[in-house]
Amino acid sequence: MNYTFSAKVNPKILVQKEPVDLHNQSSKKWLSYSTCDEDSNSEIWALNIEQSDAIICVTGSGCRTLSLLACNPSSLVSVDFSHGQNYLLELKLAVIRNLSYEQVLQFFGVDDCRDRWETFCLLKDKISPAAAAYFSSHKWAIKRGILFTGQHELFYKRFSIPLIRLLFGRYINQIFNASTLEEQRLIYQNHVSSPLWKWLIRLGSSPHVFRYLFNEPNLFTETDLDAGQYVLERLDHTFNHHLAKNNHWNSFMFYGKYLGRHCLPHFLEKENYLAIREATTKIEIVTADVLEYMKQLPAQSINKYSLSDVSSYMKKDKFDSLLHEVVRTSKTPGRLCYRNFLSKWLIPSNLESVMEHDDAACSFLDWNDLAFVYTFEVATIK
């Protein structure tokens, strides 16, 4: 395969901060997440991004950062305490800006490709030396297609998907072939939502299981939620209200891949791929604790905040401190959007006078977001 690299390079597009000691074990840890387990359309709608905006977001898999970048804000800071997750964002951005659309899908693993490693070697000088060294030490992931190789994704591919396919494969196929919600609902209610299904979901939804799988001891350390019951209720919601065949996360969760161009994550849709390539946004990728980083920012320097499900990784007192920093650093009016999974952290009462909770937006997103396990908190900073 012949590769044509983009001659257009925007000097504002990537600033890598935080020099890395490659002998540090934290910089070697493999990715927790490699693809999008969120519906980025939700953040884009909630934040109503404009080209004058200054945005701060949490990196995670990098997919939401790229979706925000497609909106071409003035500046975008993507922060994560994980070196690897930030390296992944670097790599994804370099791939999108230097390969054709078809080549992007092949390199990431959406489509078949035999020479991903050769392509990576050609891209090495488009990313930081630390990122190049990181992925060079994980050649297996590049060759498989980086999009489906994080610890989260491998759990689904190695354990969850084979088991569900074994027990419910026939009916899962029928659900994904359903042309109407009514047809899908009947299949789910009559053939999938059984005592065995509920037992399996409860077993796999324990916070202890998540902490073990992702090697994250601080994940969901403060929650009194019945995790199994909550996930079951959200699964019921998505199968009763969202067509599975059009949902990129359901597609991956039950098949380990995206089933077609009609159900790709936002950043991989062709129009957004083109928008990312053309974006003139100044983007900074920062490896740091998001609270400590925000403490260093000047007052009134940001106006849009996309904090993902950072509440899953923070105790309540630290999360409250983070929201105080949002208020301090926000221009007015500002806009905040974050997700809650098992830790349901709300806006503290002592900030309600300066953070106006958007009840209508939260209800809309709780109902319509395709990444069904999350609930939303959206607010305007006054």
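Cysteine residues of the chain whose C-beta has no other cysteine C-beta under 4.7 angstrom: CYS57, CYS71, CYS113, CYS121, CYS263, CYS337, CYS362.
Antiparallel versus total DSSP beta bridges in the chain: what percent is that, nearest 5?
Values: 10 of 30 bridges.
Given both bridge residues lie in the chain, the antiparallel proportion sits at roughly 35 percent.
For region 151-263, the average shadow cast by the Cα convex hull is 7.2 nm², which is a quarter of the hull's surface.
Report the longest stretch of the chain that contains none of the chymotrypsin sites (Phe, Trp or Tyr not before Pro) sitting in a DSSP loop with at most 16 other Cβ atoms within 10 Å. Could the numbers behind the result be given before it?
Working: sites that count: TYR3, PHE5, TRP30.
Here the longest segment lacking exposed loop sites spans 31-382.
Considering only GLU38, GLU182, GLU278, give the residue with the highest GNM mean-square fluctuation for the chain, with springs between Cα atoms whenever their separation is below 10 Å. For the chain, modelled as a Gaussian network with Cα springs under 10 Å, the answer is GLU182. Considering only alpha-carbon pairs that sit under 8 angstrom and 6 or more positions apart, the relative contact order computed for region 151-263 is 34 percent.
Each Lys and Arg Cβ is given +1 and each Asp and Glu Cβ -1; about its Cα centre, region 151-263 then shows a dipole of about 560 debye.
When the C-alpha to C-alpha distance is required to be over 23 Å, the pairs from LYS157/LYS245; LYS92/LYS315; LYS143/LYS257 that qualify are LYS92/LYS315.
In debye, nearest 20, what is the charge dipole magnitude of the chain about its Cα centre with +1 on Lys and Arg Cβ and -1 on Asp and Glu Cβ, if you could check? Write down the numbers at each step before the final one.
Values: 41 positive and 42 negative charges, 241 e Å.
Using Cβ point charges on Lys, Arg, Asp and Glu, the chain gives about 1160 debye.
Cross-link partners for LYS318 among the lysines, with Cα-Cα distance under 28 Å and sequence neighbours closer than 8 places in the same chain left out: LYS17, LYS28, LYS29, LYS295, LYS304, LYS331, LYS344, LYS382.
Shown in residue order for region 334-346 are the 3J(HN,Hα) couplings computed by the Karplus curve 6.51 cos²θ - 1.76 cosθ + 1.60 at θ = phi - 60°: x, 9, 10, 9, 9, 10, 10, 10, 8, 9, 9, 7, 9 Hz (x for Gly and Pro). Among the listed values [x] 21; [y] 31; [z] 54, the one computed from these coordinates for percent of Cα pairs over 36 Å apart is [x].
Every read-out reported here was derived from the displayed coordinates using simple, explicitly stated rules and does not represent laboratory data. All values reported here derive from a predicted model rather than from experimental measurement. For neighbour counting, all protein chains shown are included, and Cβ atoms are generated from backbone atoms with ideal geometry for every residue, glycine included.
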